[in-house]
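Student: What follows is a single structure, and I will ask about it in a moment.
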Amino acid sequence: MSLTDVAYQRCISPSCGDEYGTDEARVSCAKCGDLLDVVYDWNRAKPPAALAEFERHWSERHTPLRFSGVWRFHELLPFADPSQVVTVGEGQTLLQQADSVAKYVGVQAGRLYLQYEGMNPSGSFKDNGMSAAFTHASAIGAKRAACASTGNTSASLAMYCSVTKLMKAVIFVGSGKIAYGKLSQALDYGALTVQIAGDFDDAMARVKEVSSELGIYLVNSVNPFRLEGQKTIMYRVLEALRWELPDWIVVPGGNLGNSSAFGKAFAELHELGLIDRVPRLAVINAAGANTLFELYEQRGMRWNGGRGDMGIADAYYQELDRDKKKASTIASAIEINRPVNLHKCLRALEVCDGVVREVTDQDIMDAKAQVGAGGIGCEPASAASVAGAKLLRQQGVIGADYRVVCILTGHLLKDPTATVAYHTTDQDQFDQVLGSRGVKRASFANRAVAVPNDLEEIIKAIQLYS
Ligand code: F0G
């Protein structure tokens, strides 16, 4: 069955703007090589007249389309017919007002919110995008799907394959570069797991070659349909705030799919007259994988109406190669030096008057402990958003009374190694996992108490420590 006729793909470069049908699986423009958008003829797509209209879908939660936190916003990503949608119940996520984290960040109580994307079925935000990419892939008849991954994309792809049986998963991971929670998922779900002697950037380059040579559908965020699903993270934030806009969205930056999707979401809502202003966007890099920070904040690279100087990025990548510099951070999910969505993200930063910051692994692990102590918890990369918000507050960029939403991209259980090493009493374990990354202390550690197997001693310890 063909996809809807209100959507098509278009090159993001305004000077090119080449167009393709939605029946094509493309990850770049054939004419100029730039990234692609999914675009809609809104006159025919009939989006709602007000965001509150989505509330009428709440009473239809018994249907898979309206249960899904992605597809209950179908009218804002109408590239597929409802009958074509592939959903496993993604997007049941929570926007939590987090006052203890607000205190840590330095904003007033009631003003800081955490968007828990780790509550997705595979434990990360990727399911939002995977549901959309899968919908596209299955509609055009793909039988195999591939990705390179720091772990979460592969877990998500493997899960959609195992649940739906629509496709076979082929995943590429950097050897030793993926947290155990994520690797366990890919293996359990039965994905063909290819461990490459290299890092994510190497795996990404290879998977592009392999998928084009073997005609395998690529689900990395260079796939424009993925990002359509990830727009809905922002719709759910607005929904939870009863359609009021926050002042800031703070998100970790790796391959820059989320930030690109958020920018597109807000640009479209604004164009459709569904919001009257656009929140500001902060993208947070780990200091050991800080390409966006370097290019945007240090070297002044900008979207500039699509005329931004990509030569700035090329020169930087040459420097990385010359110095044999590889990405390195405890936040393995964002251990990426060559973000594939760089150009789109620059556009998002322009739309949202954005800023980019870098935070150290020490900042990340401390922020992560604060998130865990005050709520449901997250994996290291996710905590970069909270560490970044704290830094922006210290710098006076974010005011104490601003309404700030930090996106927690992945579940706490994704990377138990990092969490246990932070709280451990075993100095060797700490040094090996965190010390080697420049983490010096665990200021918020909750250390296990060792006691002999003796009732009296156990009671004594509980009375002493509780
Ligand atoms: N947070 C988590 C938990 C992630 O898994 C990722 C990306 C990001 C943040 C960065 O998001 O790419 O949209 O800027 N993980 C990818 C993967 C690269 O392979 O799972 P982004």
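Student: Could you list the residues of region 63-91 with an amide nitrogen less than 15 Å from a label point located 7 Å from the Cα of Arg44 in the Cα-to-C-beta direction?
Tutor: 78-81
Student: For Lys231, go through the aspartates and glutamates and keep the ones whose alpha-carbon is under 14 Å away, minus same-chain ones fewer than eight residues off.
Tutor: The reachable aspartates and glutamates, counting only those whose Cα sits under 14 Å from Lys231, are Asp37, Glu75, Glu90, Glu117, Asp127, Glu239, Glu268.
Student: Follow-up question, since we're still on this one. With n ≥ 4 as the cut-off for DSSP H runs, can you work out [θ] at 222 nm for the chain, using -39500 (n - 2.57) per run divided by the number of residues, rounded to the nearest 500? Let's see the in-between values first.
Tutor: Numbers: 16 runs with 176 residues, N = 466.
One gets -11500 deg cm²/dmol as the mean residue ellipticity at 222 nm.
Student: Still on this model: Can you return the aspartates and glutamates within cross-link range of Lys177? Criterion is Cα-Cα under 17 Å, with same-chain partners fewer than 8 residues away left out.
Tutor: By straight Cα distance, Lys177 reaches Asp199, Asp201, Asp202, Glu335, Asp361, Glu379, Asp415.
Student: If you average the sequence gap of Cα pairs under 8 Å that are 6 or more apart and divide by the length of region 247-355, what percent do you get for the contact order? Spell out each step's value before the answer.
Tutor: Values: 154 pairs, mean separation 47.6, N = 109.
For region 247-355, the relative contact order is 44 percent.
Student: Right, here's the next one. Where a ≥ b ≥ c are the square roots of the eigenvalues of the C-alpha gyration tensor, would you call region 214-256 rounded, which needs a/c under 1.5, or, failing that, prolate if a/b is larger than b/c, or oblate?
Tutor: The shape class here is oblate.
Student: If you average the sequence gap of Cα pairs under 8 Å that are 6 or more apart and divide by the length of the chain, what percent do you get for the contact order? Please report the intermediate quantities before stating the final value.
Tutor: Numbers: 942 pairs, mean separation 75.7, N = 466.
The value is 16 percent.
Student: Now for a different question. What is the extension gain from Thr63 to Gln432, computed as 0.36 nm multiplied by their sequence separation minus the C-alpha to C-alpha distance, in nm to one decimal? Numbers along the way, then the final one.
Tutor: On the way: separation 369, 0.36 × 369 = 132.84 nm, distance 4.87 nm.
Between Thr63 and Gln432, full extension yields 128.0 nm more.
Student: Report Rg/Rh for the chain, rounded to two decimals, where Rg is the Cα radius of gyration and Rh the Kirkwood radius.
Tutor: Numbers: Rg = 21.7 Å, Rh = 22.5 Å.
So for the chain, dividing Rg by the Kirkwood Rh gives 0.97.
Student: Please give me the summed charge of the neighbours of Phe266: other residues whose Cβ is under 12 Å from its Cβ, Lys and Arg +1, Asp and Glu -1.
Tutor: Numbers: positive: Lys231, Lys264, Arg277, Arg280, Arg347; negative: Glu268, Glu271, Asp276, Glu350, Asp353.
Around Phe266, the charge tally is 0.
Student: Extent of region 131-242 along each principal axis, from alpha carbon coordinates, in Å, largest to smallest?
Tutor: So the extents along the principal axes, rounded to whole Å, are 47, 31, 25.
Student: Could you give the distance between the Cα centres of region 1-56 and region 228-287, to the whole Å?
Tutor: 18
Student: Sticking with the crude label model, points 7 Å out along Cα→Cβ, report the distance from Asp23 to Lys103 in nm, one decimal please.
Tutor: A separation of 6.1 nm, rounded to one decimal place.
Student: Aspartates and glutamates within cross-link reach of Lys31: Cα-Cα under 15 Å, excluding same-chain residues under 8 positions apart?
Tutor: Within the straight-line cut-off, Lys31 pairs with Asp18, Glu19.
Student: Express the C-alpha Rg of region 343-400 as a ratio against the empirical globular expectation 2.2 N^0.38 Å, rounded to two decimals.
Tutor: Details: Rg = 12.8 Å, N = 58, 2.2 N^0.38 = 10.3 Å.
So region 343-400 has a normalised radius of gyration of 1.25.
Student: Which pairs in the list Lys143/Lys326; Lys46/Lys126; Lys264/Lys326; Lys126/Lys414; Lys46/Lys143; Lys126/Lys440 are over 23 Å apart, alpha-carbon to alpha-carbon? Walk me through the intermediate numbers first.
Tutor: Working: Lys143/Lys326 34 Å; Lys46/Lys126 27 Å; Lys264/Lys326 30 Å; Lys126/Lys414 13 Å; Lys46/Lys143 32 Å; Lys126/Lys440 32 Å.
Beyond 23 Å between Cα atoms: Lys143/Lys326; Lys46/Lys126; Lys264/Lys326; Lys46/Lys143; Lys126/Lys440.
Student: With +1 assigned to the C-beta of every Lys and Arg and -1 to the C-beta of every Asp and Glu, and no other charges, what is the dipole magnitude of region 195-234 about the Cα centre in debye, to the nearest 20?
Tutor: 220
Student: Now for a separate question. Multiplying the sequence separation of Thr425 and Ser212 by 0.36 nm and subtracting their Cα-Cα distance, what value in nm do you get? The partial results should precede the final answer.
Tutor: Working: separation 213, 0.36 × 213 = 76.68 nm, distance 4.87 nm.
Additional length available on full extension: 71.8 nm.
The numbers here are math on the coordinates, done by the rules we state, and not lab data. The structure displayed is predicted, hence computed values, not measured ones. Cβ sites come from the backbone with ideal geometry, for glycine too, and all protein chains shown count toward neighbours.
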